[in-house]
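We did not get these values from a lab; they are worked out from the coordinates using the rules stated. Bear in mind the structure is a predicted one, so any value in this text is a computation, not a measurement. Quick reminder, even Gly has a Cβ in these numbers, built from the backbone with ideal geometry, and neighbours come from all protein chains shown.
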Amino acid sequence: MFRIVMTRIQDKWKSYRHRFVPWIALNLRKNERTIRQVTERSKDRLASDEVVLETLLHLFRALLRNDVAHQEEVLRLLPASTQTRYLSPETTEGPDIGEPKGEHGPIETMFLTVGFCIERKPSSLPFAGTGVFVTRGFVPKGATVAMYPGTIYQAYEPILFQSIWNPFVFRCIDHVLIDGNDKGISKIVYRSCSGRDRLGPFRLSDITWLTANTENPLAVGQYVNNCSNERAANVCYQEYDVPEAFPLELRQYLPNVNYRHDTQRPLRCVVLVALRDIRPGEELFSNYFTIVH
């Protein structure tokens, strides 16, 4: 019995360590390829905020257009000009050019809109659990590949109980934390905060990433594993603050919510940006550490 218990603990640890920051930090010397080095802080951003915003708007509008049958209550409260954007099949202005026409699932919509799609599958790393793969299409360097979902905690907000045995807590450079765990108390907290912030029929955040049927196919970034000496990083994390002017009807696809409703700062999101061209079948690997020289 003791041997069985110890074997299970060891297998659990082998999977957990790939997202356990202290273990990764202690192994940096052995795995120098897991460190991303830049000459100055300004060069840490591969994609400008404008480019990230354009990608999100492009995809989210396509997702809404392909789910218009379930968006009637939301659309009827929007201005007529905005309704036309989603209801008229002839609409081709601005960033909507090239959007898929007709009804498609979220993953198919992503492929038809941005040219690639990603999905969760068993990782190619031994004992690493779940990973994220480019399943179709081609990802160009600098493209927004995924988003890191979860509850946003400011540096002064409590997260002790949520963080226990939780490999999905992401720390931003300004000490803001994102809890991307889709199970346990983390799941309960996120659902509660998302329901609290609802504005009538308008959902201001996405809760479907907590399920197997995600409406925003980008929201799987918490399952991207850390790179190794054998598997170099092909994506990196980049912080992005959602502007106040972000369309109300599209906020339902944002996979993040503030822990406190009265947070006096823009909603923090973290996106994963391609470090190089990524081909179909490749698993995504990230750098958890960046060193500025």
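With both labels modelled 7 Å from their Cα along Cα-to-Cβ, the Leu87 to Ile188 distance reads 4.3 nm. Restricting segment 174-267 to GluC sites (Glu not before Pro) that sit in a DSSP loop and have at most 13 other Cβ atoms within 10 Å of their own Cβ leaves Glu230, Glu244.
Applying both filters, DSSP loop and at most 14 other Cβ atoms within 10 Å, to the trypsin sites (Lys or Arg not before Pro) of segment 191-293 gives Arg198, Arg260, Arg276. With the Cα gyration tensor of segment 157-293 giving a ≥ b ≥ c as the square roots of its eigenvalues, does the rule (a/c under 1.5 for rounded; else a/b larger than b/c for prolate; else oblate) give rounded, prolate or oblate? Since a/c reaches 1.5 and a/b is larger than b/c, the shape of segment 157-293 is classed as prolate.
When each of the peptides 154-161, 134-141, 112-119 is scored by how many other beta carbons lie within 10 Å of its residues on average, the order from highest to lowest is 112-119, 134-141, 154-161.
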